[in-house]
Amino acid sequence: MESMAYIVAMCIKAVFLMKIKTRFAPSPTGYLHVGGARTALYSWLFARSQGGKFVLRIEDTDRERSTQPAIGVIMDGMHWLNLDWDEGPYFQTKRFDRYNAVIDEMLIQGTAYKCYCSKERLDILRETQMANGKKPRYDGCCRDNYEYLFANGPCVVRFRNPQKGSVIFNDQIRGPIEFSNQELDDLIIRRTDGSPTYNLCVVIDDADMEITHVIRGEEHINNTPRQINIFKALGAPIPEYAHVSMILGADGKKLSKRHGSMGVMQYRDAGFLPEALLNYLVRLGWSFGDQEFFTVEQMKQWFNLDAISKSASNFNIEKLLWLNHHYINHLPADYVATYLSWHIQQQSIDICTGPRLPELVKLLGKRCKTLKEMVASSSYFYQEFSEFNADAAKKHLQPVAIQPLQVVREKLAALTVWTPVSVYEAIVQTADKLEVGMGKVGMPLRVAVTGSGQSPALHITVHAIGQARSLSRIDMALLYIANCAR
């Protein structure tokens, strides 16, 4: 009994001493999309919540489709989202010697074998099986054909998958999943050109890098039993698996560009903050009560695999915009301004003549859902314009507006102290003097100084534009009215 108690105690100790290690392993065949970004986030959060390590691995064995620009986009997306990694990035194409050494050892051990079947034979086999209503699979022709044991012609190498029993694994999200080994054929692990294949490379990488938990999309569920059998053949520890459900569009179909889905860096370009996208992604399948807003620290503290839903999630761009608007207004203005600065630079706008960017965030934050929208709405603060918005001018720059504009110009020009309060008082005094409502003064003035009919609070807007430029624009508006009146 004492020995049994000792074994149990050692097992418990081993569990607590196990260092959690996750990985994100994208294929560089395109941009980092929201599904991949969510997988990366979940893997990163689980490692951080458990005090473990997070590995970045680039699975670039598909040489024809993998590109250096795609690798760059993936890295940029990870950096922009602030998903830092502890190891890597590892590149599979730099580990071919390791994979082939393992394959050669498997051939010696008998857990793999050479297959000399021609493409023509395999095509006929596939067509025959499908015609008979059977699932296409390799028939094991070369599995025990010792005639080819020492042949040196072109061949692939196949994994000798067990033919009896089942593969059962406890998915951390979905529960127990079972596959019959009879449904799993002997997959190719090395092509005729000598390059190793995905399922073999993944297993060797996960084993070598001591990955304890594999968090990935549900499309990989069918790969899992094949990989588990390879782990067993190599005598390597089998990681825990968690397969995350798909992200769907509002119509219930697979998410695509027509649903508003973009690459991660396209969200940056569209004016989203990384905090908003992270908050949105974490809630696409995971929850913590009814809470909607999460700081990154809260995510790291509360995230767990048990709270991930088995059901698919629906992508909603309006919800993402709502979150982005929240973060624009609730993060420190100085911080938001660092991201706004990039958008300002993309438009080559000189901000020396207008308000500082943190002030601009405060001015326009309530009105704008994205930083790109904020830049588009701020041009009149920094750049002169020569035309007024046609609809706004038609409505508010009429002869009846001449006197209000002349009087308010006079009062603004007389100010020796230029503050939002003094500007407001000048507008009020104008309305009082002319015995008209504030709108009769405010709307023509707004169109005059901004060129359009919309802006933040008028006295704050006029103050931010500055005294000299405001007076000059009022003069331009008066000239416009005079010319149109003719």
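The values are calculated or read from the model by the stated rules, or taken from the named source; none is laboratory data. Keep in mind the model is a prediction, meaning the values are calculated, not measured. Quick reminder, even Gly has a Cβ in these numbers, built from the backbone with ideal geometry, and neighbours come from all protein chains shown. Areas reflect the complete protein model, heavy atoms only, side chains present, ligands, DNA and RNA absent. Shrake-Rupley method; radii C 1.70, N 1.55, O 1.52, S 1.80 Å.
Miscellaneous remarks
- FRET efficiency for residue 416 and residue 288, using Cβ-Cβ distance with R0 set to 56 Å, rounded to 0.05: 0.50
- Estimated dipole of region 171-294 in Debye, rounded to 20 [Cβ of Lys and Arg +1, of Asp and Glu -1, Cα centre]: 420
- Each 10 Å bin from zero holds the following percent of Cα-Cα pairs in region 335-486: 11, 41, 33, 13, 1, 0.
- For region 402-486, dividing the convex hull volume of the Cα atoms by the residue count gives 81 Å³ per residue.
- Remark: accessible surface ordering of 117, 201, 352 (largest first) is 352, 117, 201, probe radius 1.4 Å.
- Net charge in the neighbourhood of residue 225 (other residues with Cβ under 12 Å of its Cβ; Lys, Arg +1, Asp, Glu -1) is -2.
- Check: the chain dipole with +1 on Lys, Arg Cβ and -1 on Asp, Glu Cβ, in debye: 800
- Net charge, residue 455 excluded, C-beta distance under 13 Å - Lys, Arg +1, Asp, Glu -1: +4
- Relative to the globular-protein estimate of 2.2 N^0.38 Å, the Cα radius of gyration of region 334-382 stands at 0.97.
- Helix 119-131 vs. the chain, principal-axis angle (Cα, 0 to 90°, nearest 10): 80
- Label-to-label distance, residue 125 versus residue 141, with points set 7 angstrom from Cα along the beta-carbon direction: 0.6 nm.
- Once divided by 2.2 N^0.38 Å, the Cα radius of gyration of region 445-485 becomes 1.14.
- Top positive-direction residue, dipole computed over the chain with Cβ charges, set 41, 423, 167: 423
- Taking the charge dipole of region 22-143 about its Cα centre, with +1 at Lys and Arg Cβ atoms and -1 at Asp and Glu Cβ atoms, the residue from 111, 29, 133 reaching farthest to the positive side is 133.
- For region 317-424: Kirkwood Rh in Å [reciprocal of mean 1/r, alpha carbons]: 16.3
- Pairs over the 31 Å Cα-Cα cut-off, from the set 119/164; 253/372; 19/310; 310/362; 366/394; 21/94: 310/362.
- Take every pair of alpha-carbon atoms less than 8 Å apart whose residues are at least six positions apart; their mean separation over the length of region 402-486 yields a relative contact order of 35 percent.
- Backbone geometry of region 345-358 corresponds, through the Karplus equation with coefficients 6.51, -1.76 and 1.60 at θ = phi - 60°, to 3J(HN,Hα) couplings of 5, 4, 9, 6, 8, 8, 8, 5, 8, x, x, 4, 4, x Hz, x marking Gly and Pro.
- Where Rh is the Kirkwood radius over Cα pairs, Rg/Rh for region 250-395: 1.05
- Positive-end residue of 303, 262, 217, charge dipole of region 194-317 with Cβ unit charges: 262
- Nonlocal amide H pairs with residue 21, under 5 Å, H built at 1.01 Å: 53, 212, 213
- Computed from the alpha carbon atoms alone, the convex hull of region 70-187 holds 218 Å³ per residue.
- Euclidean distance of C-alpha centroids, region 427-466 and region 86-159, integer Å: 77
- Contact order for region 23-121, expressed relative to its length and based on alpha carbon pairs under 8 Å spaced 6+ residues apart, stands at 30 percent.
- Between the amide H of residue 244 and those of 216, 217, 218, distances stay under 5 Å, these residues lying 5 or more places away or on another chain, with hydrogens modeled in the peptide plane.
- Look at the alpha carbon pairs under 8 Å that are at least 6 residues apart: their mean separation over the length of the chain gives a relative contact order of 12 percent.
- When the alpha carbon gyration tensor of region 236-300 is reduced to an equivalent ellipsoid, the three semi-axes, largest first, read 23, 19, 14 Å.
- Counting only protein heavy atoms and using a 1.4 Å probe, the accessible area of residue 334 comes to about 100 Å².
- Subtracting the Cα-Cα distance of residue 342 and residue 475 from 0.36 nm times their residue separation leaves 44.5 nm of extension gain.
- Take the Cβ atoms of residue 254 and residue 65, set R0 to 22 Å, and the FRET efficiency comes out at 0.65.
- Simple label model, 7 Å out from Cα along Cβ direction - residue 168 to residue 297, nm: 4.5
- Hull volume per residue, based on the alpha-carbon atoms of the chain and their convex hull, is 222 Å³.
- Stokes-Einstein diffusion of region 97-159 at 25 °C, 0.890 mPa s viscosity, Kirkwood radius from Cα pairs, rounded to a whole number: 188 µm²/s.
- Here is the list for region 112-188: chymotrypsin sites (Phe, Trp or Tyr not before Pro) lying in DSSP coil, each with at most 11 other C-beta atoms within 10 angstrom of its C-beta, are 150.
- Within region 237-346, GluC sites (Glu not before Pro) in DSSP loop having at most 14 other beta-carbon neighbours inside 10 Å: 292
- The mean of 1/r over all distinct Cα pairs in region 204-281, once inverted, gives the Kirkwood hydrodynamic radius of 15.3 Å.
- Counting Lys and Arg as +1 and Asp and Glu as -1 over every other residue whose Cβ lies under 9 Å from the Cβ of residue 183, the net charge comes to +1.
- The P(r) of region 143-278 has a tail past 17 Å containing 70 percent of all C-alpha pairs.
- Per-residue ellipticity at 222 nm from helix content only, as computed over the chain with -39500 (n - 2.57) for each DSSP H run of at least four residues, stands at -15000 deg cm²/dmol.
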